[in-house]
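I have placed the structure first, in the form of structure tokens, so that the comments after it can refer back to it.
The values are calculated or read from the model by the stated rules, or taken from the named source; none is laboratory data. A quick note: this is a predicted structure, and the numbers were derived from the prediction, not measured. FYI the Cβ positions are ideal-geometry reconstructions off the backbone, even for glycines, and counts take in every protein chain you see.
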Amino acid sequence: MPKVTLERVTPETLPVYAPRLGAILSAQVLSGVSNNFLLPFTASQATEVFERNAAALAVAPGPGGAIMWVARLPPDDSPQPSVDMDGNPTGQEDIVGSVLLAFHVAPNGRFRTEVRKLLVDERYQRRGIGRTLMLQLEDAARAHGSTLCLLDTEQGSSGERLYNALGWSTAGVVPNYAFEPDGKTKNSAVFMYKEL
């Protein structure tokens, strides 16, 4: 297992962590991973992606709520610098990844949860950090009564390979589902699920 510590994010800590998480997201968008966004993608847009989860994090785990974690490097590991899209230091350089577990609101689907925004800083990928975050998410989903977890990801992505390795099943593929960040090329989306 990688040497990272997982920390649960609160509505109070989220605004402090959002610039760093926004920098991780921005780097991925710039490298061609859409994550639902097109270029140009500003630092404020990237930060807002995370800040708008504050209300869901304030709700107890269950319908309409969410749980979010960040992965931090250990104190003896020197983090690399982190700057936002405007070149401003973000702080919290030891945060190298995050994931959010969202709980469904519909009365007939309260047993369902959804994975949102699994991110790992590209400079720290292939160290098992995404796997560690996903295993934590799955354990928490089970502990809060979820029996079915859903997600979607870009076909052929490193995310799809990770989810397959963790035992997720493919429900289907939608061709030409979303634009790449350049706004020209379309990619296909894989919809996946895991019974917990």
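Conditions first: (1) surrounded by 13 or more Cβ atoms within 10 Å (Cβ to Cβ); (2) over 19 Å from Glu7 (Cα atoms); (3) of a type in the set (D, E, K, R); (4) under 18 Å from the mean Cα position of the chain (by Cα). Arg126 passes all but one, so which condition is the exception?
(1)
Out of the range 154-188, which residues are among the charged types (D, E, K, R), out of contact with any Ser or Thr (no Cβ under 6 Å at 6 or more places or on another chain) and farther than 21 Å from Ile129 by Cα?
Step one: list which residues in the range 154-188 are among the charged types (D, E, K, R), which gives 154, 160-161, 180, 182, 184, 186.
Cutting the leftovers down to out of contact with any Ser or Thr (no Cβ under 6 Å at 6 or more places or on another chain) gives us 154, 161, 182, 184, 186.
Within the range 154-188, Asp182, Lys184, Lys186 meet the criteria.
Please go through the range 67-80 and pick out each residue that is of a type outside the set (Phe, Trp, Tyr) and in contact (Cβ under 8 Å) with a residue 40 or more places away in the chain. Steps first, answer last, please.
Here is the first cut: in the range 67-80, the ones of a type outside the set (Phe, Trp, Tyr) are 67-68, 70-80.
Once the filter is applied, which keeps residues that are of a type outside the set (Phe, Trp, Tyr) and in contact (Cβ under 8 Å) with a residue 40 or more places away in the chain, the range 67-80 yields Ile67, Met68, Val70, Ala71, Arg72, Leu73, Pro74, Asp77, Gln80.
Which residues, taken from the range 7-37, are under 20 Å from Glu122 (Cα atoms), hydrophobic (A, V, I, L, M, F, W, C) and out of contact with any Phe, Trp or Tyr (no Cβ under 6 Å at 6 or more places or on another chain)? Explain how you work it out, then say what you get.
At the first step, the residues of the range 7-37 found to be under 20 Å from Glu122 (Cα atoms) are 7, 17-37.
Applying the additional criterion that residues be hydrophobic (A, V, I, L, M, F, W, C) yields 18, 21, 23-25, 27, 29-30, 33, 37.
If the condition is that a residue be under 20 Å from Glu122 (Cα atoms), hydrophobic (A, V, I, L, M, F, W, C) and out of contact with any Phe, Trp or Tyr (no Cβ under 6 Å at 6 or more places or on another chain), then Ala23, Ile24, Leu25, Ala27, Leu30, Val33, Phe37 are the ones that fit.
Among Ser44, Ser26, Ser34, which is free of Cβ contacts under 8 Å to residues at least 24 places away in the same chain and either among the hydroxyl-bearing types (Ser, Thr, Tyr) or more than 27 Å from Ser146 (Cα to Cα) (or both)? Outline the logic, then answer.
On the way: Ser26 fails: free of Cβ contacts under 8 Å to residues at least 24 places away in the same chain; Ser34 fails: free of Cβ contacts under 8 Å to residues at least 24 places away in the same chain.
Within the list Ser44, Ser26, Ser34, the selection yields Ser44.
Given the criteria in contact with a Leu (Cβ under 7 Å, 6 or more places away or on another chain) and either touching a residue at least 12 places away in the same chain (Cβ under 8 Å) or over 15 Å from Val120 (Cα atoms) (or both), does Ala54 qualify?
Details: in contact with a Leu (Cβ under 7 Å, 6 or more places away or on another chain): yes; either touching a residue at least 12 places away in the same chain (Cβ under 8 Å) or over 15 Å from Val120 (Cα atoms) (or both): yes.
Taking the combined requirement at face value, the residue satisfies it.
What residue, among those in the range 105-119 that are modelled with pLDDT under 95 and either touching an Asp or Glu at 6+ places or on another chain (Cβ under 9 Å) or among the aliphatic types (A, V, I, L, M) (or both), is surrounded by the most Cβ atoms within 10 Å (Cβ to Cβ)?
Top of the filtered list is Val105.
Could you list all residues from the range 80-107 that are more than 15 Å from Ile129 (Cβ to Cβ) and polar (S, T, N, Q)?
Ser82, Asn88, Thr90, Gln92 - these are the residues of the range 80-107 that are more than 15 Å from Ile129 (Cβ to Cβ) and polar (S, T, N, Q).
Please state which of the following conditions Ser98 fails to meet, knowing it meets all the rest: (1) within 19 Å of Val33 (Cβ to Cβ); (2) surrounded by fewer than 20 Cβ atoms within 10 Å (Cβ to Cβ); (3) in contact with a strand residue (DSSP E or B) (Cβ under 8 Å, 6 or more places away or on another chain).
For Ser98, the failing item is (2).
Can you pull out every residue in the range 57-78 that is in contact with a Pro (Cβ under 9 Å, 6 or more places away or on another chain) and hydrophobic (A, V, I, L, M, F, W, C)?
Leu57, Ala58, Ile67, Ala71, Leu73
Evaluate the following for Asn176: is it farther than 30 Å from Val83 by Cα, touching a residue at least 12 places away in the same chain (Cβ under 8 Å) and assigned to a strand (DSSP E or B)?
So Asn176 fits the description; yes.
Within the range 75-95, take every residue that is surrounded by 15 or more Cβ atoms within 10 Å (Cβ to Cβ) and of a type outside the set (D, E, K, R) and give me the one that is nearest to Val33 (Cα to Cα). Break it down stepwise before answering.
Taking the range 75-95 as the starting set, the residues that turn out to be surrounded by 15 or more Cβ atoms within 10 Å (Cβ to Cβ) are 79, 82-85, 90, 92-95.
Next cut, of a type outside the set (D, E, K, R) only: 79, 82-83, 85, 90, 92, 95.
Values: Pro79: 23, Ser82: 19, Val83: 18, Met85: 16, Thr90: 21, Gln92: 23, Ile95: 20 Å.
It comes out as Met85.
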